[in-house]
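Please treat every number below as a calculation from the coordinates, not as lab data. Please read these numbers as outputs of a predicted model, since none were measured by experiment. Cβ coordinates were reconstructed from backbone atoms using ideal geometry, including for glycine residues, and neighbour counts include every protein chain displayed.
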Amino acid sequence: MKPRILIVGGAGYIGSHTVLQLAHAEYDVVVFDNLSNGHRDAVLAGELVVGDLADRVALANLFAVHRFDAVMHFASSIQVGESMQQPARYYANNVGNTVHLIEAMIEHGVQRLIFSSTAAIFGDPIRIPIDETHPLQPVNPYGWSKSMVEQILADCDRAHGLRYVALRYFNAAGAHPDGLLGERHDPETHLIPLVLQAAAGRRTHIGIFGTDYDTPDGTCVRDYIHVQDLVDAHLRALQWLMQGKPSAAFNLGNESGFSIREVIRVAEAVTGQRVVVQNLPRRVGDPAVLVAGSSYARAALGWQPRYPNLHDIVQHAWLWEKKCTPPL
Ligand code: UFG
């Protein structure tokens, strides 16, 4: 029998890419998603159960009907700025609802969880690259909510034998290389889709948040990691847990940083369009540089990003952008 995996948030950006890959890899997939940010038509494989982690009855029914071998948890609120405005909502969704999921797992004897964590747990880094030994020092409720869940998972491992892998994504980007899936946030706040929307004529320009950072060209530097490479890390983390290996946390990035201006230049090269830029003040809470040290994931999981080249990442995102919003 195929292993059955519950994908919470499987209708969202990274979740939907993972669902497709798991199905190709002969896993039986059940998606649980409230469709608040996800899309029904992004679930290209498996069974979709529409439900909310806040609804304990729906969760109990889900675990009563299916016998899951593992759970992947992608569902959360993800906007840093919004988390500063509405902290209680972020803690309720990202921490409270995750506790509901963990409790349902413990109650039903499901002992493997892969959790979507973030570079935001490191706050303003004290050194670059950021590896797993870097102190956790979040600077916003979003980052705190993810680091709290990592702590809760460590405690539940000790108390209940719940085995988990926390995957700390740096800047997730790109889209399915065949144009089947991509990023569809509403509102969109991420740099690459916004730059591509400007290139497609859907926006007049791209605003750059801060040009006076202590970086080579004054704009923020980020480590953009292809969504398919994140998916690959999830499959490897799943195998890790299925093989009975211990709980772990991995930083996932390409270990190279690109400035906002570099991203815009690559986008212009990929699209053949000029992108109009407007220099704006800094956005609150943006660290100048975030670059991952990912050697632990490479050594332990055998993870090797397949699309480390920013050009490929932007090319795939452009394929998706053109499919979603054909040029005007
Ligand atoms: N940016 C702009 N203009 C825009 C949008 C973004 O200049 O219109 C800049 C941001 O200020 C930042 C960079 O582009 O310097 C990347 O911004 P994103 O919003 O695409 O991504 P972030 O680095 O802010 O956020 C990502 C994840 C978060 C995670 C964070 C870790 O999306 O979930 O990394 O710090 F918390």
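In terms of surrounding Cβ atoms within a 10 Å radius of their Cβ, LEU181, LEU196 rank from fewest to most as LEU181, LEU196. Take 30-38, 126-134 and order them by the average number of nearby Cβ atoms within 10 Å per residue, most first; the result is 30-38, 126-134. Distance from the C-alpha centroid of region 240-297 to that of region 177-232: 9 Å, rounded to the whole angstrom. Per residue, the chain reaches -11500 deg cm²/dmol at 222 nm when only DSSP H runs of four or more residues are counted, each adding -39500 (n - 2.57). Where a Cα-Cα gap under 16 Å defines reach, which aspartates and glutamates qualify for LYS245, not counting those fewer than 8 residues away within the same chain? Candidates past the 8-residue exclusion: ASP69, ASP157. On a per residue basis, the convex hull of the C-alpha atoms belonging to region 67-167 measures out at 94 Å³.
Given springs between every Cα pair under 10 Å in a Gaussian network model of the chain, which of ALA70, ALA173, ALA269 has the largest fluctuation? Highest fluctuation of the listed residues: ALA269. Positive contributions from Lys and Arg (+1) and negative ones from Asp and Glu (-1), summed over other residues with Cβ under 13 Å from the Cβ of TRP318, come out at -1.
Taking the Kirkwood radius as Rh and the Cα radius of gyration as Rg, region 1-82 has a ratio of Rg/Rh equal to 0.97. Counting charges near HIS176 (Lys, Arg +1; Asp, Glu -1) among other residues having Cβ under 14 Å from its Cβ returns a value of -3.
So how do 155-164, 307-316 stack up, highest first, on mean other-Cβ count within 10 Å? Provide the component values of the computation, followed by the final result.
On the way: 155-164: 16.2, 307-316: 20.1.
With the highest mean Cβ count within 10 Å placed first, the list reads 307-316, 155-164.
In the chain the Cα-Cα distances spread across 10 Å bins starting at 0 as 6, 27, 37, 23, 7, 1 percent of all pairs. Using only Cα atoms, locate the centre of region 128-151 and the centre of region 19-43, then give the distance between them in Å, rounded to an integer. Between the Cα centres of region 128-151 and region 19-43 lies a distance of 27 Å.
For GLU132, neighbours were defined as the other residues whose beta-carbon sits under 14 Å from its Cβ, and their charges (Lys and Arg +1, Asp and Glu -1) total 0.
Gyration tensor analysis over the Cα atoms of region 131-186 returns equivalent ellipsoid semi-axes of 28, 16, 12 Å (largest first, whole Å).
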